[in-house]
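The values are calculated or read from the model by the stated rules, or taken from the named source; none is laboratory data. This one's a predicted model, so the numbers in the text were calculated from it and none came from an experiment. Cβ sites come from the backbone with ideal geometry, for glycine too, and all protein chains shown count toward neighbours.
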Amino acid sequence: MGKSVQEWLQDPELFTTCAMGLVFDKFGTEVLKWDPATIVLEIERTFNIEVDHRLMDKVNAGITLFDSNLFFISPEVFSPVCNILNFGAMLGGMSIPASLDDILWGCTEARILLGDIYVKESFGHGPARYTGALLASAGIQQPPPILSFAELPETYIEDIEYTEDDLLEMVRKQDADLEEMERENVKRMYRMLDQLTKLPIKMDDMFLEAVRTQVRQMEPLLDFPQTD
């Protein structure tokens, strides 16, 4: 027997997309217009559970994605939303600055959740430069396609003397680091899709198919392995 809605809502491993699926199923898209206190009250009243701050972080992050374009233009929104999508948390209204791994998954899940809305938006200089700085810090000069919006800072590698072997080793390490991050993205992608299919609700067929469509469209961007 699978988990109940109450158990899923209290599961720390619940993806934001799945949390939004549960919330939309019960309250509809009207929830996007509610203030956070009302959302907490309605979830607790409806499901007879105590709402954990991590669940509300996810719901608020999901609402932010749907309700405005701040994710795309404001680093002060982009960073915490990416962190929350990757199972980070707000503590006292503050969040840990998003890591490169947070951003890689955050942009992946945001694109899946928003679909065409994501594709039509353009990232502003703030999130683009923030992402570019993290890529440069990791030594990655060629962003993966999902982070193609990144603006890398100017580098002055020509001012430092490197041997050919040094450069080759740097490239190998960069490629290996990026490959590992993308591999983790693959695992998260399929865990999220598996969660969606297991939620004990009558998932809106259009929503679920939209998510599946986005997963298929994302596969070439994330270098997904071919499946049988």
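Could you please let me know if L14 is under 23 Å from R183 (Cβ atoms) and assigned to a loop (DSSP other than H, G, I, E, B)? Spelling it out, L14 is indeed under 23 Å from R183 (Cβ atoms) and assigned to a loop (DSSP other than H, G, I, E, B).
Taking the criterion of being of a type in the set (V, I, T) and farther than 21 Å from A136 by Cβ, the residues of region 75-118 that qualify are V77, V81, I84, I112, I117. Meeting the requirement of 2 or more residues that are surrounded by 17 or more Cβ atoms within 10 Å (Cβ to Cβ) and of a type in the set (G, A, S), the helices (runs of 4 or more DSSP H) wholly within region 51-134 are 53-67, 100-114.
Among residues belonging to region 64-94 that are hydroxyl-bearing (S, T, Y) and within 15 Å of the chain's Cα centre (by Cα), point out the one that is nearest to Y118 (Cα to Cα).
Keep residues of region 64-94 that are hydroxyl-bearing (S, T, Y), which gives 64, 68, 74, 79.
With the extra rule that they be within 15 Å of the chain's Cα centre (by Cα), the set shrinks to 64, 79.
Values: T64: 13, S79: 16 Å.
The qualifying residue nearest to Y118 (Cα to Cα) is T64.
Taking residues in region 141-157 that are within 18 Å of F72 (Cβ to Cβ) and among the hydrophobic types (A, V, I, L, M, F, W, C), and partners anywhere that are at pLDDT 90 or above and part of a helix (DSSP H, G or I), the pairs with Cβ atoms closer than 6 Å and at least 6 places apart or on different chains are I146/C107; I146/T108; L147/T131; F149/A128; A150/A128; A150/T131; A150/G132; A150/L135. The residues listed here are M192, M181; of these, the one that is under 30 Å from E7 (Cβ atoms), in contact with a helix residue (DSSP H, G or I) (Cβ under 9 Å, 6 or more places away or on another chain) and either in a helix (DSSP H, G or I) or modelled with pLDDT of 70 or more (or both) is M192. Look at region 12-33: where a residue is free of Cβ contacts under 8 Å to residues at least 60 places away in the same chain and a partner is assigned to a helix (DSSP H, G or I) and of a type in the set (D, E, K, R), sitting 6+ places away or on another chain with Cβ atoms under 6 Å, you get A19/K58; L32/D67. Restricting attention to region 89-126, and to residues there that are touching a residue at least 40 places away in the same chain (Cβ under 8 Å) and of a type in the set (S, T, N, Q), which single residue is nearest to M189 (Cα to Cα)? So, considering only residues that are touching a residue at least 40 places away in the same chain (Cβ under 8 Å) and of a type in the set (S, T, N, Q), the one nearest to M189 (Cα to Cα) is T108.
A quick yes/no check of all residues on (1) at pLDDT 85 or above; (2) in contact with a Phe, Trp or Tyr (Cβ under 7 Å, 6 or more places away or on another chain); (3) surrounded by fewer than 16 Cβ atoms within 10 Å (Cβ to Cβ); (4) closer than 27 Å to P12 by Cβ:
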| residue | (1), (2), (3), (4) |
| --- | --- |
| P153 | yes, no, yes, no |
| E158 | no, no, yes, no |
| K187 | no, no, yes, yes |
| L199 | yes, yes, no, yes |
